[in-house]
Structures are given as structure tokens and as C-alpha cells.
């Protein structure tokens, strides 16, 4: 029986411009997986129109769902009951996985069984078509809670949290993606790191597309929450987990 990696993509009605490119990258990665592995793509509409799903093919390895609109974090989490994978990989609807990205992430977690999660370096895709590396990418190797928390406090978070690959049991244990209006991907990485070291893969595994229509570029994004309060609660949740003394697994 094949092992499965479940790729989770939230999408909202009106945010499907680049979803076909995300599909093509996932489809191509499915064909590159190591022997004994398969891929499931969970596409979850943040809303109940049903329209975003019409932009991708109806294929057996794609599982589509929808729910009341509560933000990308809630959409990701509400997709998890359909996840059959041992591993869960996040992918935004306007991003793509680079060739071999999933293979490297699967391999990293198989070679480091004590690590509950990993993140590949990412490339920012700019509107002019050029790409640049992340400014704070750490070197290949372990990702520890203390190092990530210091970076968080300095406002130089070093990993592309939107492209987290995590063991499903760990993801569920920390509550998956929290019900926050923003920064929910960073919160999930910090909570995972609070109870399990991760692994950094220096080879870029995904493209983070920067464009005027992305959620974080919208004029109203800065108004979704009091940023000072958001910074406090993301840190407090991770610190509470750390202080509990519990470690995964």
C-alpha cells in the first residue's frame, strides 16, 4: 500500500487566477514521487460558491471541499478530515512547487525521523518575472525553536511558513492552523517547533508569488487585526506549548 503526502491548498472565489499553475506543479510532482508514494491534493474553498473548483480538472487524486468563509487558516484546517497522508504539505493557490521539491521533503523526513516537520527554501517570484531568494534563509540542517523564536522577535522569520511539510500526527497535535486573521502559517511553524525540531532544506522547493492580488498585498490586509496583539498571541501560543514540557512524538 502506498504512503501518501497530502498537499493542502486554500482558495477563495476570485482568487483562482494562478490555481491552474499550482495544479500543474502538483501534478508534475505526483509523477516524480519516490516508489511507494502517492499524492493527494486537497483543494478547500474558503467559502461556499463552488466556483474555484471548476478551474481544476476532476481527477481521483484531487479532493475538493468548501466551507463557511473564515480565512485561509480555517480552510486549511477544515480540509484535514479528508487527508489520508502521513505527511501534509501546505501550498497556497497562487504558489507552485518546484521540480523535486516534494521528493526532497519526503527524503528529509525519512532520513531524520526525529524531525516532525521541514521547510524548503523558497524563491520570491516578482511581478516582472524575476526570482529572488529569501533574505533570511538558514543553512541546510536542523531548525530549532529557540532560533526561530529569536528570528520571530527580530521580525526576520527565516522560513517560508506557507510551504510547511509536516507529519500529520504532529500537525493535529498542535491544533493545525489556528483561527487567526493573519500569520497563521507562522503560528503553525512555531507551534510545531515548540514540541519538535524541524529540518531546513537549502534547495528551493517552491515559488512564493508576489502580485497585486495576493491577500498580503491588499490594502485591507494591515487592518485585519491589531498587529501588536497578533504578534503577542502567536508567540504566546507557542510559548505555552513549549512550557508544557510535552515533546512530539
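Here is the figure for the stretch 17-55: residues that are assigned to a loop (DSSP other than H, G, I, E, B), more than 20 Å from residue 206 (Cα to Cα) and touching a residue at least 24 places away in the same chain (Cβ under 8 Å) total 3. For residue 216, the test of being modelled with pLDDT under 95, closer than 22 Å to residue 97 by Cβ and surrounded by fewer than 18 Cβ atoms within 10 Å (Cβ to Cβ) is passed. Residue pairs whose Cβ atoms lie under 7 Å apart, sitting 6 or more positions apart in sequence or on different chains, and linking a residue in the stretch 81-104 that is farther than 14 Å from residue 163 by Cβ to a partner that is part of a loop (DSSP other than H, G, I, E, B), are 103/33; 103/34. Pick from 74, 64, 79, 90: which is surrounded by 23 or more Cβ atoms within 10 Å (Cβ to Cβ), over 22 Å from residue 205 (Cα atoms), at pLDDT 95 or above and in contact with a strand residue (DSSP E or B) (Cβ under 9 Å, 6 or more places away or on another chain)? Residue meeting the stated conditions: 79.
The values are calculated or read from the model by the stated rules, or taken from the named source; none is laboratory data. As the structure is a computational prediction, the values presented were derived from the model and not from experiment. FYI the Cβ positions are ideal-geometry reconstructions off the backbone, even for glycines, and counts take in every protein chain you see.
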